[in-house]
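Trainee: This structure is in structure tokens; I'll ask about it shortly.
Laboratory data are not the source of any read-out in this text; all were calculated from the coordinates shown. As the structure is a prediction and not an experimental result, all values here were calculated from the model. As a convention, Cβ positions derive from the backbone with ideal geometry for all residues, glycine included, and neighbour counts pool all protein chains shown.
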Amino acid sequence: MNNSSPNVYRNYYRLRTANQWRKVQAESGEPGAIRPYLAGNWKMNMTPRSGLALAARLFDICKGIKDVDIGLGPPFTGLSTLAEYIKPDFLKAEYDIGRNVFLLAQDVFFESKGAFTGEISAEMLAAIGVDRVIIGHSDRRANLGKYFGFGSSVARRLSNDFLTQSLSRLKQKDDADSKAIMALEHLLAKENEDVLAGLASFLGGELRDRAGESDEAINRKVLAALEQGLQVIFCCGENREARENNETFKLLERQIRMGLEGVPQRLIHDVVIAYEPLWAIGVGAKPATHEQISEVHDFIRNLIMDLHGEQFAASIRILYGGNVKPDNIADIMTIAGVDGALVGGASLKATDFGQIVRFGLID
Ligand code: 13P
């Protein structure tokens, strides 16, 4: 028996009738039934020790839960400790859960080894028991520029001094690019002083606000992770500006087409998509409305249908992320296109994340 409140299905099939996606309730464990995925992205929080304590409290609260998948995403430093703890045999004995608990990394680099100081490869993650990796999170897509100073570094390169020196170096090279020389000479001409200053200010600002991982880099990460046998949570989502300019769908389509380009059919089943609108993420933001989530999830699923066929589109899990909390998860899970959540802040509290994992259950 399904011990859940009406209309909130813990497990379900997804059908498409009259051009609309619908959920039809299923019993847990029925062949082909969809299992929601509740994933915690801890971001840059928790030491190995505090992460372990969080996981232990969470599993206490979730004892016996087997009908959904649970993902825990500590920072790189917490992965090994948690991997040892959540290996199935241990958890099965203690909590009667385990095979449905997965270890998530928050990022991966696409090269397999070499001089990439500070980066971690898919091979390294797989070797310590990581199951799945979050790729393309908006923290990395959009927010890196302001921390890493791409903007000021570009502004500096567009200064008169820097360009004058670059021009003289360039002119000494045998194979100098004549177009580059022409452009630099043009920019450095006295009458173009204002153009150069304007360009420095514009590009500096753009890169400060927007520079981060590109669709191309994200795509390389997706392919590297999948080829290594890791599963992927592929994140996409629009910022406030795109939503206000009615560019949400155009942007999501670009992110998804480019991010998942070239994923072979045999590996596409290892991809979960997370829709995380930037304006709905973090402290002080409001989650997207039921209608907004529903509309975007249908859009994404229809796009996946165009790319990979209806049968796969019906089964791919598409999560929502952005201020998911114990008090809104049940409502979000009634949406026909939603298969779980990628949870930030609330995943750091065992009671909150535990309630999210137990959505719809009558206690
Ligand atoms: P919050 O749940 O804190 O809004 O974060 C969402 C998120 O970015 C998860 O990846």
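Trainee: Can you return the aspartates and glutamates within cross-link range of Lys146? Criterion is Cα-Cα under 12 Å, with same-chain partners fewer than 8 residues away left out.
Mentor: Partners within reach: Glu206, Asp209.
Trainee: Which Cα, out of Ile356, Gly340, Ala314, lies furthest along the positive dipole direction of the range 266-363 (beta carbon charges, K/R +1, D/E -1)?
Mentor: Of the candidates, Ile356 comes out farthest on the positive side.
Trainee: How do Leu54, Leu203, Leu342 line up, fewest other C-beta atoms within 10 Å first? Walk me through the intermediate numbers first.
Mentor: Numbers: Leu54 23, Leu203 17, Leu342 28.
Ranked by crowding around the Cβ, least crowded first: Leu203, Leu54, Leu342.
Trainee: Still on this structure: Could you rank the peptides 305-316, 31-42, 178-189, 128-139 by their average count of other C-beta atoms within 10 Å per residue, with the highest value first?
Mentor: Sorting 305-316, 31-42, 178-189, 128-139 by mean packing, highest first, produces 128-139, 31-42, 305-316, 178-189.
Trainee: Cα centroid distance between the range 226-288 and the range 330-357, in Å?
Mentor: If we compute the Cα centre of each part, the gap is 18 Å.
Trainee: Follow-up. Taking 35 Å as R0, compute the FRET efficiency from the Cβ-Cβ separation of Lys173 and Ser112 and round it to 0.05.
Mentor: 0.55
Trainee: What is the sum of charges, Lys and Arg at +1 and Asp and Glu at -1, for the other residues whose Cβ falls under 11 Å from the Cβ of Pro287?
Mentor: Details: positive: Lys286, Lys325; negative: Glu276, Asp327, Asp331.
Net charge in that neighbourhood comes out at -1.
Trainee: Here's another thing I want to ask about it. Helix 160-172 sits at what angle to the longest principal axis of the chain, using alpha carbons and giving 0 to 90 degrees rounded to 10?
Mentor: Value to nearest ten degrees: 70.
Trainee: Take every DSSP beta bridge whose two residues both sit in the chain, then give the antiparallel share in percent to the nearest 5.
Mentor: Here the antiparallel bridges make up roughly 20 percent for the chain.
Trainee: Given only helices, namely DSSP H runs of n ≥ 4 each adding -39500 (n - 2.57), what is the per-residue ellipticity at 222 nm of the chain, to the nearest 500 deg cm²/dmol?
Mentor: Estimated from H runs of four or more residues: -13500 deg cm²/dmol.
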